[in-house]
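Everything below concerns the one structure shown next.
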Amino acid sequence: MNLDNIRKVDFHMHTTASDGTDTPAELLFKIKESRIDLFAITDHDTSLGCVDMMKTLKDDDPKFISGIEFSCKDEMGKYHILGYNYDLYGDAITDAIDLGHQYRMNKVYARLELLKEKYGFVFRDEDVEKLLSYNNPGKPHIGNMMVEYGYAKSKDEAITKYINNCNSKSRYLSPKEAIQAILESDGIPVLAHPFYGDGEQVIVGNEMEERLKRLMSFGLKGVEAYYSGFSIKLQNEMILYAKKYHLYITAGSDYHGTNKLVQLGDTNLTDLHEGDEDVKRFVQALKD
């Protein structure tokens, strides 16, 4: 991988394999339009989007690395753990994906039941079957279905006003399990949008630093410091943490197509060669 030719990167985006609205082929077309040189697909709890992208790519297309985003929770809170450049068919990552998928499906069942109990929202069997046929259904899928039934005016209203108030006691992968699965599959584990924890919570200061140290004890190697949802203040604070603990720095938009108001390539890192040296160190690690 010639770093001289890598200028625009985006290491956080989703396809229809999870809760994005673009197929891998549609996403690749937009990536080329956006002039992104190096990218990763990070679908929630699945590598299917990466597998499809590998089949779609041609020699002269932008450079691609495997990615994933595990939804995790333990006694200290919620985390989203990104994995990069891992073996797509490694036993450890495959086992973690299977377990994460099982937990995700359990959450969908529980949320539908709570929406019925709390708000009287019911859906036709055929629509529930369609929802469950998606590889990794999540809040946006349920929200869109609620809008179709007239239970909410928009997907965002459905999520914030109703779905977020129907949190069940479903199980999650722990961050330790996710990090170790990524490492055992020769990947690089990174904390996604580090300041954002549970819902609207923003974790800063000592709590953020303690969280980082705890995740590092499990094997965390990097943080997503350049992120579409971060202010410059938050971005710079995370860069300082990364330098202090010698963590890789990554850049991601968290693009979901029409399911989020985020533009592809919007990472707050305009040019790799004008950005932080630790982002280049991460890209070099991918090459190595």
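Among the residues of the stretch 235-269, what is the count of those that are farther than 20 Å from V9 by Cα, assigned to a helix (DSSP H, G or I) and out of contact with any Gly (no Cβ under 7 Å at 6 or more places or on another chain)?
6
Within the stretch 87-101, how many residues turn out to be charged (D, E, K, R) and assigned to a loop (DSSP other than H, G, I, E, B)?
1
When you scan the stretch 50-63, do you find a residue that is touching a His at 6+ places or on another chain (Cβ under 9 Å) and either surrounded by fewer than 18 Cβ atoms within 10 Å (Cβ to Cβ) or farther than 17 Å from G219 by Cα (or both), even just one?
no
Can you name every residue in the stretch 270-285 that is modelled with pLDDT of 90 or more, over 11 Å from V9 (Cα atoms) and crowded, with 17+ Cβ neighbours inside 10 Å?
Residue satisfying the conditions is F282 alone.
Does D186 meet the test of being in contact with a Gly (Cβ under 8 Å, 6 or more places away or on another chain), modelled with pLDDT under 95, surrounded by fewer than 16 Cβ atoms within 10 Å (Cβ to Cβ) and in a loop (DSSP other than H, G, I, E, B)?
Values: in contact with a Gly (Cβ under 8 Å, 6 or more places away or on another chain): yes; modelled with pLDDT under 95: no; surrounded by fewer than 16 Cβ atoms within 10 Å (Cβ to Cβ): yes; in a loop (DSSP other than H, G, I, E, B): yes.
For D186, the condition - in contact with a Gly (Cβ under 8 Å, 6 or more places away or on another chain), modelled with pLDDT under 95, surrounded by fewer than 16 Cβ atoms within 10 Å (Cβ to Cβ) and in a loop (DSSP other than H, G, I, E, B) - is not met.
Being surrounded by 14 or more Cβ atoms within 10 Å (Cβ to Cβ) and over 25 Å from the mean Cα position of the chain (by Cα) is the requirement here; does A158 meet it?
No.
Residues of the stretch 1-27 being over 27 Å from D156 (Cβ atoms) and either free of Cβ contacts under 8 Å to residues at least 24 places away in the same chain or surrounded by fewer than 23 Cβ atoms within 10 Å (Cβ to Cβ) (or both), which ones? It would help to see each step written out before you state the result.
Restricting attention to the stretch 1-27, the residues satisfying the condition of being over 27 Å from D156 (Cβ atoms) are 1-9, 25.
Scanning the stretch 1-27 gives M1, N2, L3, D4, N5, I6, R7, K8, A25.
Which residue, of G252, G219, is assigned by TED's automatic domain parsing to the domain that holds F195, at pLDDT 95 or above and in contact with a helix residue (DSSP H, G or I) (Cβ under 9 Å, 6 or more places away or on another chain)?
Result of the check over G252, G219: G219.
May I ask you to list the residues in the stretch 102-136 that are in a helix (DSSP H, G or I), touching a residue at least 60 places away in the same chain (Cβ under 8 Å) and closer than 18 Å to G20 by Cβ?
Of everything in the stretch 102-136, just one residue is in a helix (DSSP H, G or I), touching a residue at least 60 places away in the same chain (Cβ under 8 Å) and closer than 18 Å to G20 by Cβ, namely R104.
Quick one: would you say D43 is touching a Leu at 6+ places or on another chain (Cβ under 7 Å), among the acidic types (D, E) and closer than 24 Å to N259 by Cβ?
no
Scan (1) charged (D, E, K, R); (2) touching a strand residue (DSSP E or B) at 6+ places or on another chain (Cβ under 9 Å); (3) surrounded by 17 or more Cβ atoms within 10 Å (Cβ to Cβ) for the single condition K78 breaks and write down its number.
Every listed condition holds for K78 apart from (3).
Inside the stretch 212-226, can you point out the residues that are surrounded by fewer than 21 Cβ atoms within 10 Å (Cβ to Cβ) and touching a residue at least 60 places away in the same chain (Cβ under 8 Å)?
Result: R214, single match.
Go through (1) modelled with pLDDT under 90; (2) assigned to a helix (DSSP H, G or I); (3) among the polar types (S, T, N, Q) and name the single condition S170 misses.
(2)
Quick one: count up the residues across the stretch 232-274 that are at negative phi and among the small types (G, A, S).
4
Determine which member of the set I36, I41 is buried (at least 17 other Cβ atoms within 10 Å of the Cβ), more than 25 Å from K155 (Cβ to Cβ) and at pLDDT 95 or above.
Working: I41 fails: more than 25 Å from K155 (Cβ to Cβ).
Answer to the check: I36.
Could you tell me which numbered condition Y245 fails, if it satisfies all but one of (1) closer than 25 Å to K73 by Cα; (2) surrounded by 15 or more Cβ atoms within 10 Å (Cβ to Cβ)?
So Y245 meets the others, but not (2).
Filtering the stretch 137-153 down to residues that are assigned to a loop (DSSP other than H, G, I, E, B) and exposed (fewer than 15 other Cβ atoms within 10 Å of the Cβ), which residue is farthest from the chain's Cα centre (by Cα)?
G150
Which pairs turn up if I take residues in the stretch 144-169 that are within 19 Å of G257 (Cα to Cα) and look for partners that are among the polar types (S, T, N, Q) and assigned to a loop (DSSP other than H, G, I, E, B) with beta carbon separation below 7 Å, at least 6 apart in sequence or on another chain?
That search, which allows pairs on different chains as well, returns V147/S154.
The values are calculated or read from the model by the stated rules, or taken from the named source; none is laboratory data. For clarity, every value in this text was computed on a predicted model and none was experimentally measured. No Cβ is skipped: glycine too gets one built from the backbone with ideal geometry, and neighbour counts run over all protein chains shown.
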